[in-house]
Amino acid sequence: LKICRFNNNRLGVVSGEEVIDVTAALDILPARHYPFPAHDLLVENLAQLMIAAETLVPHGIRHRLNDVKLLSPIANPGKIIAAPVNYAKHLQEVLADPNLHYQNRIDHIQRAGLFLKSNSSLSGPTAGVPITLPSRRTDHEVELVVVIGRQAKNVNANDAQKYIAGYCVGLDMTIRGPEERSLRKSPDSYTVLGPWLTSADEVAHPNNLGLELKVNGRSKQNSNTRDLILNVEALIAFASSFYTLYPGDLIFTGTPEGVGEIVPGDEIEAFIEKLGSIKTRVLPALNDQGAT
Ligand code: MN
């Protein structure tokens, strides 16, 4: 099943070029009181939710995909984990270009480990990406994103598949420079997730998916997840050896070679085989948006 969130927090099932409104399926989620769980309730209850959604499909209001505003398919992840330099050719391009690293402080993933992106940076494709530091270079990074389905700790890579709820297309937007990754990659909207959650049963081989990113229609990144240094299962094993993983936690698996600068007005299209494509627009810097 392909499940999206759209417009004003509606829930949809994606079928071809249509979105079928199944928002009533959210009624199966348990009512919770403060303190709220620090993980995503929809993903925790995904199996029952998918059953409820499928019973609503024949009666649901249908929209054309092009007419809806797509939100992040996961609303409340407990954490957003990301893998740095997890494709060998991307490591080579980073080492070769001083614009991409700072004083050679770059290393392959087994040494660099993982990092966290702020939850407040999470955004859907339709919202667009306002540039946060116009004086600095901001790059696109297309990544396969794993959505964790069950609590996991010290998982063996051989068992990792059963902890996966599904997959999304992600953009790990990145300001280049000397700061910690968790700062440079966490401004508002710098974690784009979409176009929908594709449940794990529809993706038999996550480590063999073509992925491509275009800017203004021109191909910039074009690779396959078979080139991951740590593949999906290895990343779950690695991440769960440090963090307990919870339903809805996201793992950005790293970006292949071909990263490059984007500027306001650019249109980004990021495609992953079996998962669809997200389209988003780079926007000018925002002024103070704090008080609304
Ligand atoms: Mn990345």
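The values are calculated or read from the model by the stated rules, or taken from the named source; none is laboratory data. Note that the coordinates shown come from a computational prediction; the quantities given were computed from them, not determined experimentally. Cβ atoms come from the backbone with ideal geometry, glycine included; neighbour counts cover every protein chain shown. In case anyone asks, the SASA skips ligands and DNA or RNA and just uses the protein heavy atoms, side chains included. Shrake-Rupley method; radii C 1.70, N 1.55, O 1.52, S 1.80 Å.
Tabulated results
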read-out: Filter result for Q92 (farther than 25 Å from Y163 by Cβ, modelled with pLDDT under 95 and within 16 Å of the ligand (Cβ to nearest atom)); value: yes
read-out: Evaluation of N222 against (1) outside any strand (DSSP E or B); (2) farther than 20 Å from G78 by Cβ; (3) touching a Gly at 6+ places or on another chain (Cβ under 9 Å) (one fails), failing number; value: (1)
read-out: Yes/no for V169 being within 30 Å of E54 (Cβ to Cβ), of a type in the set (V, I, T) and either within 15 Å of the ligand (Cβ to nearest atom) or open to solvent by 40 Å² or more (accessible area, probe 1.4 Å) (or both); value: yes
read-out: Where I106 falls short, out of the listed (1) more than 22 Å from the chain's Cα centre (by Cα); (2) within 18 Å of E179 (Cα to Cα); (3) touching a residue at least 24 places away in the same chain (Cβ under 8 Å); (4) within 16 Å of the ligand (Cβ to nearest atom); value: (3)
read-out: Residue check, A160 surrounded by 15 or more Cβ atoms within 10 Å (Cβ to Cβ), assigned to a strand (DSSP E or B) and at pLDDT 95 or above; value: no
read-out: Scan of segment 238-288 for residues that are more than 19 Å from the chain's Cα centre (by Cα) and either within 25 Å of V14 (Cβ to Cβ) or not β-branched (V, I, T) (or both), ordered by number; value: S241, F242, E261, P264, G265, D266, L283, P284, A285, L286, N287, D288
read-out: So R184, is it of a type in the set (K, R) and more than 29 Å from L65 (Cβ to Cβ); value: yes
read-out: Some residue of segment 229-238 being within 14 Å of the ligand (Cβ to nearest atom), open to solvent by less than 50 Å² (accessible area, probe 1.4 Å) and not basic (K, R); value: yes
read-out: Answer residue from segment 98-120, given it is assigned to a loop (DSSP other than H, G, I, E, B) and at negative phi and is surrounded by the fewest Cβ atoms within 10 Å (Cβ to Cβ) among those; value: R105
read-out: Within segment 74-89, considering residues that are within 12 Å of the ligand (Cβ to nearest atom) and not in a loop (DSSP other than H, G, I, E, B), the one modelled with the lowest pLDDT; value: Y87
read-out: Failed criterion for L133 (all others in (1) touching a strand residue (DSSP E or B) at 6+ places or on another chain (Cβ under 6 Å); (2) within 18 Å of K79 (Cβ to Cβ); (3) not in a strand (DSSP E or B) hold); value: (2)
read-out: Residues of segment 18-68 that turn out to be open to solvent by less than 60 Å² (accessible area, probe 1.4 Å) and of a type in the set (S, T, Y), as a count; value: 1
read-out: Within segment 202-228, considering residues that are open to solvent by 20 Å² or more (accessible area, probe 1.4 Å) and of a type in the set (G, A, S), the one nearest to V146 (Cα to Cα); value: A204
read-out: First in segment 69-97 and open to solvent by less than 50 Å² (accessible area, probe 1.4 Å) and among the aliphatic types (A, V, I, L, M), second anywhere and modelled with pLDDT under 95 and away from the ligand (no atom under 11 Å from the Cβ), Cβ under 6 Å, 6 or more apart; value: V85/L91; V85/H108; L91/H108; V94/L100; V94/H101; V94/I106
read-out: Residue that is open to solvent by less than 20 Å² (accessible area, probe 1.4 Å), away from the ligand (no atom under 14 Å from the Cβ), of a type in the set (S, T, N, Q) and within 30 Å of D97 (Cβ to Cβ), where the choices are S186, S199, S123, S135; value: S123
read-out: From G276, G254, G265, residue being away from the ligand (no atom under 16 Å from the Cβ), open to solvent by less than 60 Å² (accessible area, probe 1.4 Å) and closer than 30 Å to M50 by Cβ; value: G276
